[in-house]
1. Could you name the lysines whose alpha carbon sits less than 22 Å from that of Lys47, not counting residues in the same chain fewer than 8 places away?
2. If you roll a 1.4 Å probe over region 14-98 with all protein chains in place, what percent of the accessible area is carbon or sulfur?
3. Mind putting a number on the dipole of the chain about its Cα centre? Charges go on the C-beta only, +1 for Lys and Arg and -1 for Asp and Glu, and I need it in Debye to the nearest 20.
4. Report the per residue volume, in Å³, of the convex hull enclosing the C-alpha atoms of the chain.
5. With springs only between Cα atoms under 10 Å, which of Gln14, Gln66, Gln32 fluctuates most in a Gaussian network model of the chain?
6. How large is the accessible surface per residue of the chain, computed with a 1.4 Å probe and reported in Å² as a whole number?
7. Under 14 Å from the Cβ of Met69, count the other residues' Cβ atoms, weight Lys and Arg +1, Asp and Glu -1, and hand me the total.
8. Sum up the charges of everything whose Cβ sits under 10 Å from the Cβ of Gln78, counting Lys and Arg as +1 and Asp and Glu as -1, but leave Gln78 out.
Amino acid sequence: NSETFWTTTGMFPQEFIIGFPKCVKISKVVIQCYLVRTLRIERSVSKDPVGFEQCIEKDLEHTEGQLQMEEFPLPEFQATYLRFIIKSAFDHFVSVHRVMAEGT
């Protein structure tokens, strides 16, 4: 439901972690957000959310008045945890409305 969302508290960087029950293969990550300028995605294959390594860092396009939709293809990518770091924004607060990970 894109009407519900996670919002930042105003300072950057901000981060959130998504965990899977076990290590999974991910082929694509899609994020729907608002006012995010720079996003980094990191992964961990550990049993606990530690030992993250950077996978992607991207500057997103500013889309005034509408949600940003970014798709990140990830060939041969395994993870137990994904950490999303919002490094900077187009405003004091940003929101994340949906994160989808496709794979097996």
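The values are calculated or read from the model by the stated rules, or taken from the named source; none is laboratory data. These numbers were taken from a predicted model, which means no experiment stands behind them. Because the Cβ atoms are built from the backbone with ideal geometry, glycine has one as well, and the counts that use them run over all protein chains shown. What goes into the accessible areas is simple: the full protein's heavy atoms, side chains included, and nothing from ligands, DNA or RNA. Shrake-Rupley method; radii C 1.70, N 1.55, O 1.52, S 1.80 Å.
1. The qualifying lysines are Lys22, Lys25, Lys28.
2. 47 percent
3. Here the chain has a charge dipole of around 360 debye.
4. In the chain, the Cα hull volume divided by residue count equals 99 Å³.
5. Gln66
6. I get 60 Å² per residue for this part.
7. Neighbourhood net charge equals 0.
8. Summing Lys and Arg as +1 and Asp and Glu as -1 gives +1.
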